[in-house]
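Below is one structure, written out as structure tokens; the observations come after it.
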Amino acid sequence: MARKFFVGGNWKCNGTTEEVKKIVSTLNAGDVPSQDVVEVVISPPFVFLPVVKSSLRSDFHVAAQNCWIKKGGAYTGEISAEMLVNLEIPWVILGHSERRSLLGESSEFVGDKVAYALSQGLNVIACIGETLEQREAGSTMAVVAAQTKAIAERITDWTKVVLAYEPVWAIGTGKVATPAQAQEVHFELRKWLQANVSPQVSASTRIIYGGSVSGGNCKELAAQPDLDGFLVGGASLKPEFIDIIKSAEVKKSA
Ligand code: 13P
């Protein structure tokens, strides 16, 4: 079953009005493969979502970087899934390690958020990944399986979920996972989905990699059989993001 290559740009907490204009015009001018080959989703901070959505080329879509765990109401500072739907924002990133570690979001909390966002019709980029300590202790697979299990226990429909494997030690560090390290975890995750969800979900769910992806390392990573795209942080703010989108061609010719 073909899994369309997916490239997400997570701008995190970056950008000014001027910078946003510049990045969007670079994206709009980019010569990239067609929508049949690659799905591109750009995730600016909440405040820039409407302007990015309205100025971005129509073959790219937008994502929020978070949303609330249930229906909105008296939750100061939160943004609800309903609001994203109302603004026609089709995607949301949930469970990013920066939120898990800095804000104490547990796997159960993330699982509940994923389930609620899906129930409202959003597409979800669900992030998982181990810390350096966990990797060095040999518990990488146990950690990512537990994080995935907390999601799997709460949802039945995986068609709107992209799983983003982002090893914490590779995020923003310039220390990218080797293609073999990434492939190993992606392969194990697919096996986990096969055994614990279904062979169909295992075969069709896109598992993307995030952590110091750049224009220079994307092609070699993209060639890995169980790697279906990227979630890009720092490089998504730069013109090299176009090269990362183009790495989808590696898959096409594989
Ligand atoms: P970097 O690409 O900056 O390492 O960030 C990855 C990431 O966290 C994307 O969500």
Keeping the other protein chains in place, figure out the carbon and sulfur percent of the accessible area of the chain, with a 1.4 Å probe.
54 percent
Which lysines does K149 reach when only Cα atoms under 19 Å apart count, and residues fewer than 8 places away in its own chain are ignored?
K113, K160, K191
Sorting M141, M83 on solvent-accessible surface, 1.4 Å probe, most exposed first, gives M83, M141
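Provide the per residue accessible area, probe 1.4 Å, for region 1-132, rounded to a whole number of square angstrom.
The answer is 46 Å² per residue.
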Fully extended contour minus Cα-Cα distance, from N196 to T178, at 0.36 nm per residue
3.8 nm
Which of the GluC sites (Glu not before Pro) found in region 151-201 are in a DSSP loop and have at most 16 neighbouring Cβ atoms, other than their own, within 10 Å?
E153
Once fully extended, how much extra length lies between S58 and L103, figured as 0.36 nm per residue of separation less the alpha-carbon to alpha-carbon distance?
12.8 nm
Sum of -39500 (n - 2.57) over DSSP H runs of 4+, divided by residues of the chain (222 nm, nearest 500):
-11500 deg cm²/dmol
Per residue value of the accessible surface for region 135-202 (all protein chains in place, 1.4 Å probe), Å²
46 Å²
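The values are calculated or read from the model by the stated rules, or taken from the named source; none is laboratory data. Fair warning: this is a prediction, and the values are worked out from it, not measured in the lab. In this analysis, Cβ positions are derived from the backbone assuming ideal geometry, glycine residues included, and neighbour counts consider all displayed protein chains. Surface areas here come from the heavy atoms of the whole protein model, side chains and all, with no ligands, DNA or RNA. Shrake-Rupley method; radii C 1.70, N 1.55, O 1.52, S 1.80 Å.
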